[in-house]
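The values are calculated or read from the model by the stated rules, or taken from the named source; none is laboratory data. Just so it is clear, the model here is predicted, and its values are computed rather than measured. Neighbour counts are summed over all protein chains in view; Cβ atoms, including those assigned to glycine, are modelled from backbone coordinates with ideal geometry.
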């Protein structure tokens, strides 16, 4: 059964990925024509790579969409999101073509950005009245006098920025400390523009320095396998049995995803509150003869309120965003029950008695938790989530002589706002 659920989970992800490849999420924005006319409507959001190549646009939800290429527009902008301008850019073969560059800062010195792949980011500077110039960084293979080779980080962009920002001495030290990353460059360009033209208004991309919190609802199925070991008297009942069968139960709860976009879009904190339960039954017999034998039937039930705390790495672009996560989980017992029913026969004497399987229960379970999943974005703020989790915890037994562990696989679906 577990293999069937795992297969269904993988199949659902595959189908979802195939489905969303052709989908476009439309967000409010505008395009700017070559004649400087601004036309408001809905822009098709995909990812930063495709945004450089063209943009889908329609006047409203009922209108037919049209694709615009960089040579057909001056630019476009999302109402809540990026701003892009068409710029001539030389390719690897020195052929110049128009591309849409994202505007990070617009002012006396403007900063532009182009994403060409997950590991290929390019930045450009353009001062008023001057040509576009790329900010370069190279890793060169050099050789020492001893013959030993090493990689050298060559920050060519430091010299470029120093030359362009000579008219503001206050930025020179900051240039040396600037990394070729969006937040660092945006901070430098913004300071320079304020220094040389303090009365002019400049556009600065919002890097989202605050926290972004999303609420989620989750529900699904859990599969619990339980194991006991030790020298406690109760272990006799548990070890003589044929073992517990997997407990299949419903689980549901709330979650919070917390991300600091200004620091990282990829890594966030996932916390939640989940209701879980499990129930086991078992039996065994001690048989000496038809006249002397003992039959034992036992059960163990528990329900918990669990609080997962995990670090989650999410691929930050596109409509379908896979993620992996790992952390700890604390479980607090809501209810518990266990008992043994013993039926014995000794020749002509039959007896029945009932007693607890466990007398002492652990009220606080602790365990490690990990999993994988994917977010399917329906709108900018709303997404469906599908995930699988695996937990190992220290169980409900409070006896030192009776060790208990649970291994729990969960398959969940949900929605996040």
**Request:** State whether one or more residues within segment 376-394 are at pLDDT 90 or above, surrounded by fewer than 20 Cβ atoms within 10 Å (Cβ to Cβ) and not in a strand (DSSP E or B).
**Result:** yes
**Request:** Any chance you could count how many residues in segment 254-265 are surrounded by 14 or more Cβ atoms within 10 Å (Cβ to Cβ) and either outside the structural domain of residue 228 (by TED's automatic domain parsing) or at pLDDT 85 or above (or both)?
**Result:** 5
**Prompt:** Could you say whether any residue in segment 204-226 is in a helix (DSSP H, G or I) and surrounded by 15 or more Cβ atoms within 10 Å (Cβ to Cβ)?
**Reply:** no
**Item:** segment 319-342, subset exposed (fewer than 15 other Cβ atoms within 10 Å of the Cβ) and over 30 Å from residue 308 (Cβ atoms), residue nearest to the chain's Cα centre (by Cα)
**Value:** 339
**Message:** Residues to consider are 350, 406; find the one that is free of Cβ contacts under 8 Å to residues at least 12 places away in the same chain and either outside the structural domain of residue 298 (by TED's automatic domain parsing) or assigned to a strand (DSSP E or B) (or both).
**Reply:** 350
**Request:** Return the residue satisfying two criteria in turn: it lies in segment 109-122 and is surrounded by 20 or more Cβ atoms within 10 Å (Cβ to Cβ) and in contact (Cβ under 8 Å) with a residue 60 or more places away in the chain, and of such residues it is farthest from residue 42 (Cα to Cα).
**Result:** 109
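Could you check segment 64-93 and list, in sequence order, the residues that are within 19 Å of residue 46 (Cβ to Cβ) and part of a strand (DSSP E or B)?
Correct list: 66, 67, 68, 75, 76, 77, 78, 83, 84, 85, 86.
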**Request:** Could you list all residues from segment 395-417 that are over 18 Å from residue 300 (Cα atoms) and at pLDDT 85 or above?
**Result:** 409, 410, 411, 412, 413, 414, 415, 416, 417
**From the options 315, 278, 287, residue that is surrounded by 20 or more Cβ atoms within 10 Å (Cβ to Cβ) and in the same structural domain as residue 383 (by TED's automatic domain parsing)** = 278
